[in-house]
Amino acid sequence: MNGFEGLVMAELSVLLHAGVPVRGVRLTVRELIVARIARGPLGAHEVSEAVEAAVRAACRLARELDAPPEVVETVCRGAIEAVRGHGGESARWLDDAADAAAAVLHAHARERVDELTWRWLAARVPEW
């Protein structure tokens, strides 16, 4: 787990324990991603890495704290929205960011073969 992934996981844990609504979780994830992107240096790798770390953190919460898959979907949406909404240079790497999120979800789906929800989530990433 890298530092950003740990930060996202800590923030998500606090939000989930506090019962923050889905919108609040999504906005927090967006802000975390935008702040990470703004630190630079900015490139496709850095943008994808930030999204990947956020989705990995959500998957880890789902696995370790039994958070519902909806939390993972909310994090994915917030991360993709952050890249799309950031505009400028980072918006060019939206497809890379979506691919990174999908890769994390596919990996998680392979670990949880008996749960169809994960494959369904991974297939939906390009729609967001």
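Read-outs throughout are calculated quantities, based only on the coordinates presented, and are distinct from any laboratory measurement. Small disclaimer: the values here were computed from a predicted structure and weren't measured.
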**Study point:** Entry for Rg/Rh (Cα atoms, Kirkwood Rh) (calculated from the structure that is shown) out of (i) 0.94; (ii) 1.20; (iii) 1.02
**Key:** (i)
Revision key, fill the gap. Dividing the mean separation of Cα pairs under 8 Å (6+ apart) by the residue count of the chain yields a relative contact order in percent of 27
Check your understanding: Most mobile of Val34, Val14, Val47 per a Gaussian network model of the chain (Cα springs, under 10 Å)?
Key -> Val14
Practice item. Specify the residue with the greatest mean-square fluctuation among Gly43, Gly19, Gly78, computed from a Gaussian network of the chain linking alpha-carbon atoms under 10 Å apart. Key: Gly19
Practice item. For the chain, with a Gaussian network of springs between Cα atoms less than 10 Å apart, report the residue from Ala50, Ala97, Ala38 with the top mean-square fluctuation. Key: Ala38
